[in-house]
Each structure stands twice: as structure tokens, then as C-alpha cells.
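Take a look at the structure set out below.
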Amino acid sequence: MKVTIDNKEIIANNGETILEAAKRAGINIPTLCHHPKLSNYGGCRVCMVEIKGMNRFVASCTTPVADNIVVETNTTNIRQSRKTVLELILSDHPNDCMTCDKTGDCTLQDLAYEYGVKENPYIGAMRQYPTEDKNPYIIRDFSKCILCAKCTRVCNEIRGVGAIDIMKRGFYAKVAMPFDEVLDCEFCGNCVDVCPVGSLTEKIAKGKGRTWETRKVDTICAYCGVGCGITLHIKDNTVIKVTPTEKESVNNGSLCVKGKFAYDFINSADRLKKPLIKKDGKFVEATWDEAIDYTVKRLKEIKEKHGSDSIGGLSSARCTNEDNYLFQKFMRAGIGTNNVDHCARY
Amino acid sequence: MEEAEKADVIFVIGSNTTETHPVAALGIKKAVRYKGAKLIVADPRRIDLCRFADLHLGHRPGTDAALINGLLKVIIDEDLTDKKFIAERTECFDDIKDSLKQFTPEYVEKITGVPKERIINAARMYANAKNALIYYTMGITQHTNGTGNVRALANLVLSTGKIGREGSGLNPLRGQNNVQGACDVGALPEYYSGYQKVNDEKNQEKFEKAWGARLSNKLGLTATEMTEAADAERLKAMYVMGENPLLSDPDINHTRHAFEKLEFLVVQDIFMSETAELADVVLPASCFAEKDGTFTNTERRIQMVRKAVEPPEEATEDWKIIIKLSNAFGYKMEYKSPADIMDEIAANTPQYAGISFDRLNGLGIQWPCPDKNHSGTRTLHKEKFTRGKGLFTKVEFIPSRELPDNEYPFILTTGRMLTHYHTGTMTRRSAGPNEHVKEGYVELSHEDANRLNIKNGEKVKVSSRRGQIDIKAKVTDMVSQGIVFIPFHFKEAAANMLTSRELDPVAKIPELKSCAVKIEK
């Protein structure tokens with residue numbers, strides 16, 4: 001069907017929402033609660049648009065396209081409405097961007113900037129909750145929550161876990177575990193990844209760096225064989241955060257507790273940092289040349305005395321294809337044995 | 001991964017998917033919850049995936065072959081086979097028919113403990129589906145009859161023609177990030193890269209020419225055989241890169257004993273693992289975030305791994321260490337970067353022939369990829385199988401080598417849990433997981449706990465003929481009476497102190513999923 005959005009004629013698909021059709025046409029309608037992989041929610045009212053001939057604004061994320069409708073997404077009236085919505089949200093949101101870990105990566109902050117929201121014309125009661133950080137992974141600051149329900153939807157719809165939902169109503173509404181207990185779930189961290197504000201953040205990333213200070217490198221998770229695409233956020237020489245890659249990937253925006261949260265081993269103080277040679281039962285630090293020379297000397301002695309097949313090599317399912325290829329090449333062409341295997345059987 | 005959504009029935013056997021492959025499990029859950037797929041879960045434990053299952057077959061550990069044969073028997077008896085597929089794509093179907101005679105639902109119920117109605121239902125559900133996927137992991141393979149178990153599954157797939165198209169097939173989920181790739185590029189005792197046999201003269205010649213070296217045509221030892229050879233003092237030295245057999249091997253008392261006999265051990269790793277502690281030389285290596293290269297995932301997808309940070313102090317990339325060592329040893333290696341190494345892999349490996357780093361953006365490429373213009377292969381066995389026709393093989397039911405008795409009355413099965421990974425070297429050094437799950441545990445049924453007067457959280461002694469550990473009891477309905485489960489990540493209560501090193505005679509996989517233990521307060 002044919003629709004017109006911001007004077008642009010678009011061929012829209014049946015059942016598509018205005019927001020989706022606009023997005024395909026390169027028209028960006030701002031939203032806080034919409035996520036393309038989740039059900040349509042219509043909660044934040046930021047994505048309101050005008051349809052010619054209708055006497056009220058509609059939420060573009062829940063309104064399906066209709067043949068020949070004419071939509072405006074960015075009129076003065078619409079912008080004023082959005083600004084009011086943002087003012088209302090911010091009237092119950094702590095104004096502490098300067099210490100918030102989400103700063104620079106916060107949709108609410110970006111929209112407040114775009115719409116010039118500064119003063120709070122709606123002074124009144126604000127929700128005040130203690131920060132919940134008793135669980136091992138996630139800092140949950142409900143005073144920052146805008147109740148967009150992305151976290152509850154991702155938990156239920158994508159993960160099939162349903163650990164959290166919104167309890168109570170109105171001013172008292174809050175995302176919670178049953179009986180509002182300390183978070184105890186699979187800790188996949190998908191709720192953190194979809195949170196548009198600073199309500200949910202990674203515990204280990206706290207205070208480690210601002211988003212604009214980090215470099216981002218796309219790579220593959222080092223745990224199971226699924227091969228999830230991950231983005232490493234790096235400040236200086238330290239990985240401070242992991243998120244599912246936004247590019248096309250086998251995991252399609254999801255990770256598990258290991259991929260999301262088990263990366264600080266990289267900077268563990270226990271890392272081996274120097275070659276070691278055992279002398280009288282104790283490890284002594286050595287230079288690379290000493291360690292390599294000693295290893296070669298011992299391997300050569302043993303090869304000469306007992307033959308190539310008296311030496312074996314265990315390669316690694318954790319290492320890259322390139323590491324593994326060179327390892328087996330060294331065992332076969334260098335040492336001269338086919339005694340090479342890895343832990344495929346465990 | 002998204003293939004699960006195209007299946008009408010998904011049959012998961014011996015895979016605790018939501019914990020060991022959580023993101024792959026999302027596809028299964030989505031297929032069941034939103035696409036109307038039916039789910040059959042066969043696992044001795046009431047794993048999380050059972051929440052979504054239409055049928056749970058809770059068979060006793062080690063009885064997989066009997067269960068699968070039982071399903072096939074129902075399918076044949078009820079005439080639910082795919083006759084066209086059997087005639088055109090397979091051979092030796094008639095040979096196995098006779099061997100299935102004894103596997104009546106009644107007989108299979110007796111062996112597996114699964115009610116016969118469920119066996120019949122599952123068989124019908126699987127056979128009647130237009131498309132059906134099977135997922136399995138180590139729950140199938142880590143048995144002395146592991147090869148038989150996989151063959152039984154292959155029989156099931158072949159008899160119903162559920163392979164070679166999207167939404168159908170037999171899928172092992174690989175447990176480690178690059179176990180597929182390590183196999184592909186020849187880290188195996190019987191193959192060069194691309195599964196080219198080392199004892200085939202043509203291959204030997206090909207690689208001698210490519211590598212400029214004399215090569216042995218004698219099959220090498222598998223990892224488990226190396227431990228035995230070290231114990232017998234036939235193997236004198238080992239080079240271990242990024243592996244920790246002293247926690248992951250079965251019967252680690254024995255493994256330690258064997259490794260201690262080595263005259264020389266060099267270990268290249270990122271941490272001082274249990275294995276590194278025994279080494280004569282330890283070489284500090286790099287982790288995944290500190291090097292460029294590729295991993296090949298469980299769907300044969302070759303993906304780029306990118307260097308993000310520098311390794312600490314003098315630690316360095318594994319490929320650089322191997323080059324250093326090889327050159328010092330007198331076998332020359334010259335590569336400027338991992339991209340060069342991949343070019344050599346591509347030149348010598350037919351399945352990887354079209355792979356080079358400049359092609360591996362985004363989703364990577366699924367092998368076989370025979371040339372630079374090929375976009376990769378999503379589904380295998382479409383027109384024919386690697387060997388031509390799909391071969392039916394008789395599979396006997398061989399019970400686990402060690403069965404419970406009066407002295408050791410419980411069956412112990414081992415595996416992973418969600419929060420930790422393998423020998424814990426990485427996850428236990430990560431703050432969140434380490435705070436979340438600090439120690440190991442033994443899962444025990446309510447019935448057994450009551451009988452032995454064991455409370456949840458209480459310390460118990462678990463022992464087998466090979467060793468003993470002290471461990472916290474977790475009383476749960478995950479396991480049935482007579483069965484206990486221990487995750488193997490925790491060195492302080494190492495499950496592999498107890499496990500048996502009986503091997504599958506073909507695949508040389510140890511029977512980590514079933515041995516006999518006793519539990520005392």
C-alpha cells in the first residue's frame with residue numbers, strides 16, 4: 001500500500017507500523033520504548049505522529065499503516081508534544097547525568113538535548129528507591145527507570161525466562177522480581193543491553209570510563225561453540241564492557257552470562273606475564289630466549305634418544321584456527337610426529 | 001542458528017542447551033513458543049528446557065542407544081519411515097531391522113525407565129513431522145558406547161529422511177568456541193587440515209611438498225591415549241597449549257600420575273593452570289581479546305576474532321610463540337600475520353580454499369567454501385552424503401562400563417552449569433560469576449536426600465573407586481532417585497576425581513557421563 005510520510009511516498013507492507021515503514025524509508029522517529037525485536041508497547045509516547053484528517057496524535061510504534069494515509073513526524077505541534085512528554089519523564093528522573101555511567105549512550109539524554117529540555121516545569125514528588133546492587137552483576141537504579149518495559153519484554157519474549165515484570169500501578173509502578181526480591185535470574189544481561197537509560201548498568205563497568213573514551217572492537221565470544229558476535233569496549237588497554245554486536249550476527253543481539261559478564265579474567269592479576277622455567281621444583285622467571293632455548297634443547301634430546309613419537313602435543317579448542325594450524329604443523333613437520341590432539345573429546 | 005524456527009519438531013538429547021549453549025537455546029525456545037514447533041527433550045535430568053517441552057524422556061544415564069533404538073523400532077513397526085528417502089539416499093536399511101527386534105517399548109521402558117507411552121508418542125511426533133531437527137552434545141558422546149549412540153541417531157534420521165534441508169538434520173552443538181576449527185585445521189592425530197588422512201600416501205606427499213619436510217604416516221595418539229602412553233613411559237615429553245587436562249580429564253589422579261612421569265612438559269597458557277603447575281617450562285600466552293585470527297563455530301561458520309588489547313607484559317600471541325619455537329627447533333616458519341597463516345590453510349584445505357581474512361566481515365563464511373567466489377554452504381548433505389549413500393549401522397545397547405552396585409549405589413553424571421565454563425580458569429577469575437557461584441555442588445534427589453538424611457547445603461563425601469571429594473549437597477528435583485550430578489568446573493571439588501577413564505573404542509571419548517559413586521555424610 002502507498003503511504004506518505006513527511007512528504008515522501010512510501011510503499012508500505014500490510015501490517016507494518018508507521019514507525020517501521022518510516023524507518024525503512026530512512027525517516028527516524030524518536031522512541032524510548034520501541035525495540036525492533038520486541039512486541040510493540042506504545043508506552044513512552046515519544047513516537048507520536050500526526051495523521052492528516054485525524055484530530056489527535058497517534059503512537060507510530062503501535063499504529064499500523066493504512067492505504068493512502070498522510071503522516072507528519074516532525075511538525076511544530078509534534079515537537080512540542082514530544083518536548084512535553086520528555087519534560088514529564090524528566091520530572092521524575094534524577095538529574096545526575098554527570099555521574100551516571102550511561103551518559104553519552106543514553107537515549108533520554110540525547111532526546112532532552114535534541115528537544116532542548118532544561119527546566120522542569122512539573123515539580124512534584126519523585127520516586128526514590130535505594131539502588132539494588134546485591135546481585136552479582138547488575139546495578140538496578142529504579143529512580144532512573146522510565147518504565148519502558150524493554151527489560152521485562154526481552155526477559156520474557158526473547159529469553160523465555162520471565163524473571164521480572166512491572167509490579168504495582170501508576171506512580172508506584174516498578175520493575176521487580178516476584179515479591180520485589182533481589183535479582184536472581186540467569187543473568188544474561190539482555191535487560192542491561194536494551195535499557196535506554198541508566199536504570200540498569202553493568203556492575204563491573206561502573207566508573208571505568210565514559211562511552212566516548214572507549215574504543216570499540218567487534219570480535220567473537222571465547223566461550224561455547226555458538227560463536228556470538230560481541231563488541232568489546234576498551235579504555236586504554238582494558239576491556240571495560242561487553243555488549244552484543246549491533247551488526248549482523250548469529251546471536252542477533254543476545255548473549256549469556258559468560259559472554260556478557262565473564263571477561264574481567266583478561267586483566268586478572270593472575271595472568272602469566274613472563275616465561276617461567278622450573279628450577280629445583282620452583283618456577284623462576286626467564287627471558288623468552290632462555291625459555292625457548294631450554295625447551296628446544298630438551299625436546300631435541302628427547303627426540304634423539306627416544307624418537308619423534310615419544311613427544312606429544314595438545315593443541316587447543318580455545319585458540320584460533322591460525323594458532324592450531326601452526327601447532328599441528330610444528331608437531332608434524334618440526335617434531336616429526338602425528339601425536340597431536342586437543343580436547344574435542346571432553 | 002535460526003534454523004530451529006523452520007522445524008516442526010525439535011528433539012534435544014543429551015544437551016542441557018539453555019545452560020551450555022544459552023544463545024542457541026533461544027532459537028529452540030522461539031520455535032516452540034512462537035512458531036508452533038513441538039519439543040522432545042531426552043535427558044536424565046529435568047533440565048530447564050523441559051519447561052518448554054511437549055515430552056520429557058528422562059532416561060537413565062548410559063541408556064541412550066536403547067532409547068533411540070526403541071524410537072526407531074516404533075517408527076518401523078508403525079510404518080512411519082520415509083521409503084523414498086531410504087531407497088534413494090541410503091543403504092543397508094534391511095540389515096538393521098532384525099537387530100531392532102528386541103527393542104520393544106516394554107523392553108526399552110525396563111532399561112531406560114521411560115514409560116512406554118512416552119516412547120511411542122515421541123517416535124510418532126518425530127516421524128510425523130514434516131521437518132525435524134535433532135540437537136545433541138556430550139550427553140550422547142561421552143559414553144563407552146558414544147559412537148553407537150550417534151549412529152543410532154543417524155539411523156533415526158535416515159529412516160525418516162529428516163536431513164539435507166533447512167529445518168531438518170542432526171546437529172551436534174560444539175562445546176568450545178573453536179573445537180570445530182581446531183578439528184578442521186588438523187589438530188587431530190589422524191588428519192591433516194580438512195580431514196585429510198595422515199596415513200594416505202597422496203596426502204603425505206601433498207603436505208611434504210607444501211611444508212618442505214619429511215612427514216610420518218603413522219597415526220598419532222589421541223589426547224586420552226597420550227595420557228596412557230605417558231603413564232606407560234612411552235611418551236616422554238609434551239607440549240600443551242591452552243589445555244588443562246589435569247582438571248578436564250577423567251580420573252585426574254591417574255592423569256596427574258601420568259603427567260608427573262613425563263621427562264619434559266612445556267605448557268603455554270594464560271594462567272597457571274593445574275597442568276601448568278607440573279610443567280618444566282611455562283610460556284605466557286594471549287587470550288582471545290589479544291590476538292587476530294578466526295574461530296569456526298558449531299555451524300561451520302568461520303568468523304573473525306580481532307585484537308582489542310595488548311597481552312600483559314611479556315605475554316604474547318600463541319602463533320608468534322609457535323613460530324619462535326619452531327624456528328629455534330630448526331624448522332623454519334615465516335608468517336607476518338595470522339592472515340598469512342589463513343592463506344596457507346586455504347591453500348592446503350579444500351573446505352577452506354575460498355577463505356581469506358578480507359572476506360570475513362560480518363557473519364563470516366560457512367565451510368565448505370571451495371573458491372574465492374563461493375559464498376559458503378549453509379546445509380550439508382542436500383543431494384548426497386559425504387560417503388555417497390547414508391549407511392544404516394546396527395547399534396547394540398551396551399550398558400555403561402561401570403554400573404551402580406551395593407557399594408557404589410549412585411550413577412554420577414557430570415557436565416557444565418550456566419555460570420561457569422569448563423575448568424573455570426576464566427570464569428572463576430571473573431568477579432560476577434565467581435561471586436555468583438563460588439563452589440561446586442552435587443545434585444541429589446529429594447528421595448535420596450531424605451533416605452540419607454542429607455540437608456540442602458550440607459557437606460557430603462562423594463567417592464568412587466578412583467577418588468573422593470567433599471562437596472555441598474544441592475537437593476533438587478533436577479535429578480531422579482539414584483542419579484547424582486556434579487559440574488566439573490571446580491578444582492576444590494573436582495568431579496573428575498571420580499569419573500572413569502573407560503573409553504569409547506572408536507572415538508576414544510571417555511565415559512564422563514556415567515560412573516558409580518557413593519555418598520556419605
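Tabulated data for the structure shown
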quantity: Any strands (runs of 3 or more DSSP E) falling wholly within segment B:236-324 and containing at least 2 residues that are more than 8 Å from every other protein chain (Cβ to nearest Cβ); calculated: B:264-269
quantity: Those residues of segment B:134-176 which are of a type in the set (A, V, I, L, M) and part of a helix (DSSP H, G or I), in sequence order; calculated: B:M138, B:I140, B:V150, B:A152, B:L153, B:A154, B:L156, B:V157, B:L158
quantity: Residue among B:L360, B:L380 that alone is aliphatic (A, V, I, L, M), more than 9 Å from every other protein chain (Cβ to nearest Cβ) and more than 30 Å from A:R215 (Cα to Cα); calculated: B:L380
quantity: Residue within segment A:204-222 that is in a loop (DSSP other than H, G, I, E, B), at negative phi, within 11 Å of chain B (Cβ to nearest Cβ) and free of Cβ contacts under 8 Å to residues at least 60 places away in the same chain present; calculated: yes
quantity: Residue selected from segment B:12-28 under the condition part of a helix (DSSP H, G or I) and among the β-branched types (V, I, T), by the criterion nearest to B:L57 (Cα to Cα); calculated: B:T17
quantity: Given (1) free of Cβ contacts under 8 Å to residues at least 40 places away in the same chain; (2) of a type outside the set (A, V, I, L, M, F, W, C); (3) touching a helix residue (DSSP H, G or I) at 6+ places or on another chain (Cβ under 8 Å), index of the condition B:N131 fails; calculated: (1)
quantity: Segment B:189-217: number of residues that are in contact with a Ser or Thr (Cβ under 8 Å, 6 or more places away or on another chain) and within 7 Å of another protein chain (Cβ to nearest Cβ); calculated: 4
quantity: Contacts under 7 angstrom Cβ, first residue in segment B:417-430 being facing chain A (nearest Cβ under 7 Å), partner of a type in the set (D, E) and surrounded by fewer than 24 Cβ atoms within 10 Å (Cβ to Cβ), 6 or more apart; calculated: B:L418/A:E186; B:L418/B:E19; B:R429/A:D270; B:S430/A:D264
quantity: Where A:K260 falls short, out of the listed (1) in contact (Cβ under 8 Å) with a residue 60 or more places away in the chain; (2) part of a loop (DSSP other than H, G, I, E, B); (3) more than 7 Å from chain B (Cβ to nearest Cβ); calculated: (2)
quantity: Any hit, segment B:55-73, residues being more than 25 Å from B:H143 (Cα to Cα), modelled with pLDDT of 95 or more and not assigned by TED's automatic domain parsing to the domain that holds B:R416; calculated: no
quantity: Qualifying residues in segment A:306-346 (those that are within 43 Å of the chain's Cα centre (by Cα) and of a type in the set (A, V, I, L, M)) - the one farthest from B:G175 (Cα to Cα); calculated: A:M331
quantity: Search result, residues across segment A:163-204 that are of a type in the set (G, A, S) and at pLDDT below 95; calculated: A:G170
quantity: Filtered residues of segment A:275-292 (kept if part of a loop (DSSP other than H, G, I, E, B) and within 7 Å of chain B (Cβ to nearest Cβ)); calculated: A:P275
quantity: Residue match in segment B:109-119 (condition: touching a strand residue (DSSP E or B) at 6+ places or on another chain (Cβ under 9 Å), more than 23 Å from B:A37 (Cα to Cα) and touching a residue at least 12 places away in the same chain (Cβ under 8 Å)); calculated: yes
quantity: Check on B:A495, within 13 Å of chain A (Cβ to nearest Cβ), touching a residue at least 40 places away in the same chain (Cβ under 8 Å) and aliphatic (A, V, I, L, M); calculated: yes
quantity: Subset of segment B:169-199 (residues that are of a type in the set (S, T, N, Q) and either crowded, with 24+ Cβ neighbours inside 10 Å or out of contact with any strand residue (DSSP E or B) (no Cβ under 7 Å at 6 or more places or on another chain) (or both)); calculated: B:Q176, B:N177, B:N178, B:Q180, B:S193, B:Q196, B:N199
quantity: Filtered residues of segment A:131-163 (kept if part of a loop (DSSP other than H, G, I, E, B), under 17 Å from A:E202 (Cα atoms) and without any contact (Cβ under 8 Å) to a residue 40 or more places away in the chain); calculated: A:T131
quantity: Strands (runs of 3 or more DSSP E) enclosed by segment B:442-521 - at least 3 residues per element that are surrounded by fewer than 19 Cβ atoms within 10 Å (Cβ to Cβ), aliphatic (A, V, I, L, M) and modelled with pLDDT of 95 or more; calculated: none
quantity: Search result, residues across segment B:75-100 that are in contact with a Ser or Thr (Cβ under 9 Å, 6 or more places away or on another chain) and not charged (D, E, K, R); calculated: B:I75, B:I76, B:L80, B:T81, B:F85, B:I86, B:T90, B:C92, B:F93, B:I96
quantity: Residues satisfying the stated conditions in segment A:226-248, i.e. part of a loop (DSSP other than H, G, I, E, B) and either touching an Asp or Glu at 6+ places or on another chain (Cβ under 9 Å) or surrounded by fewer than 19 Cβ atoms within 10 Å (Cβ to Cβ) (or both); calculated: A:V226, A:G227, A:D236, A:N237, A:T245, A:E246, A:K247, A:E248
quantity: Identity of the residue in segment A:263-274, part of a loop (DSSP other than H, G, I, E, B) and at the interface with another protein chain (Cβ under 7 Å from one of its Cβ atoms), that ends up surrounded by the most Cβ atoms within 10 Å (Cβ to Cβ); calculated: A:Y263
quantity: Residue match in segment A:296-314 (condition: touching a strand residue (DSSP E or B) at 6+ places or on another chain (Cβ under 6 Å) and either modelled with pLDDT under 95 or within 25 Å of B:G432 (Cα to Cα) (or both)); calculated: no
quantity: Subset tally (residues that are over 20 Å from B:L412 (Cβ atoms) and either touching an Asp or Glu at 6+ places or on another chain (Cβ under 6 Å) or surrounded by fewer than 19 Cβ atoms within 10 Å (Cβ to Cβ) (or both)) for segment B:430-441; calculated: 5
quantity: Of the criteria (1) outside the structural domain of A:Y129 (by TED's automatic domain parsing); (2) buried (at least 20 other Cβ atoms within 10 Å of the Cβ), which one A:C195 fails; calculated: (1)
quantity: Meets criteria (touching a residue at least 24 places away in the same chain (Cβ under 8 Å), surrounded by 15 or more Cβ atoms within 10 Å (Cβ to Cβ) and under 30 Å from A:R215 (Cβ atoms)) for B:Q366; calculated: yes
quantity: Residue selected from segment A:1-44 under the condition outside any loop (DSSP other than H, G, I, E, B) and polar (S, T, N, Q), by the criterion surrounded by the fewest Cβ atoms within 10 Å (Cβ to Cβ); calculated: A:T4
quantity: Residue match in segment A:293-305 (condition: more than 7 Å from every other protein chain (Cβ to nearest Cβ), assigned to a helix (DSSP H, G or I) and among the hydrophobic types (A, V, I, L, M, F, W, C)); calculated: no
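The values are calculated or read from the model by the stated rules, or taken from the named source; none is laboratory data. Note that the structure is predicted; figures quoted are calculated from it, not measured. For neighbour counting, all protein chains shown are included, and Cβ atoms are generated from backbone atoms with ideal geometry for every residue, glycine included.
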